Structure formats: structure tokens, C-alpha cells
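Report on the structure given below.
The values are calculated or read from the model by the stated rules, or taken from the named source; none is laboratory data. Just so you know, these numbers come straight off a predicted model, no measurement behind them. No Cβ is skipped: glycine too gets one built from the backbone with ideal geometry, and neighbour counts run over all protein chains shown.
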Amino acid sequence: MRNDQRDAELFDEIRLRRALRLEAAELPPRLDLAAIGARAEAARPAFLVASLVSTALAGLAAAGLVALVAIAVPSVAPAVASDLFADGIQTLARLATPASALLSLAAQPTIPIAVIAALAVGIAYELAQRRERVIEVTS
């Protein structure tokens with residue numbers, strides 16, 4: 001009987017500990033002195049004017065950059081495109097030299113015949129391996 005009471009007390013303690021545990025959403029907000037100071041500073045009129053002026057300057061700078069890019073791209077694009085085209089042709093020429101040697105080798109009459117013979121041998125071997133052997137069982 002004493003053991004039952006002890007289990008009941010432990011169960012109540014476990015239930016109490018679970019009830020007192022706070023969820024992440026229930027935690028009280030932290031006092032952040034920097035945020036409080038920034039919020040008080042933001043309410044001042046001088047800060048509002050300074051923020052408006054800096055926003056306007058940043059907008060003008062962004063507009064200037066967009067205008068410069070719009071002017072520079074049409075003048076630079078043909079040179080970049082011709083360089084890319086020249087590099088592509090050069091790469092194709094580098095690859096064509098070894099490829100022509102392989103293609104001339106494949107054009108020899110012995111290569112296609114050897115490939116067909118190898119294919120026939122491979123097919124015959126696979127068919128021979130797939131056949132099931134008949135085993136007679138007598139009683």
C-alpha cells in the first residue's frame with residue numbers, strides 16, 4: 001500500500017512539472033535595450049528626415065546604375081557575343097580533329113563487319129545462357 005502512495009505522489013509531481021513547463025510561444029519577451037533605444041530614436045523628427053533623405057539618395061543611386069547599365073549593355077554586347085562565337089568555333093575545331101580520325105577509322109570496311117560479328121556472338125551467348133536445362137527426374 002505504501003508503494004501505491006509513492007507512485008501516486010510521483011505521478012502528481014510529473015504532472016505538475018509538465019504543467020509548469022513553458023512552450024516556446026509562452027515565454028515572456030526579452031528586454032532588448034538596443035531595440036527600445038532604436039524605437040525611441042525613430043520617433044524623433046530629425047531621424048525621420050534623415051531616413052527620408054537617405055532613402056531618396058539610395059533611390060537616385062539605383063536609378064543611375066540602371067541607366068548606366070542600359071547604356072553600356074548595347075555597346076558591349078556585340079564584342080562579347082563575337083568573342084563567345086569565336087571561342088565556340090575554336091572549341092569545335094579542336095574537337096573535330098580527333099573526331100575525324102575516329103570517323104575515318106570507322107569508315108574502314110573491317111570495323112562495321114567486326115562490330116556486327118561481335119553483336120552476333122553476344123546475342124548467341126545470351127540466348128545460350130537463358131535456356132533452361134531439362135533435368136529428368138524419375139521416381
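Rundown of residues vs (1) modelled with pLDDT under 70; (2) more than 36 Å from the chain's Cα centre (by Cα), yes/no style:
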{"site": "Asn3", "(1), (2)": "yes, yes"}
{"site": "Phe11", "(1), (2)": "yes, yes"}
{"site": "Arg18", "(1), (2)": "yes, yes"}
{"site": "Leu33", "(1), (2)": "no, yes"}
{"site": "Gly37", "(1), (2)": "no, yes"}
{"site": "Leu48", "(1), (2)": "no, yes"}
{"site": "Leu52", "(1), (2)": "no, yes"}
{"site": "Thr55", "(1), (2)": "no, no"}
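Apart from one condition, Ala93 fits all of (1) over 43 Å from the mean Cα position of the chain (by Cα); (2) surrounded by fewer than 10 Cβ atoms within 10 Å (Cβ to Cβ); the exception is (1).
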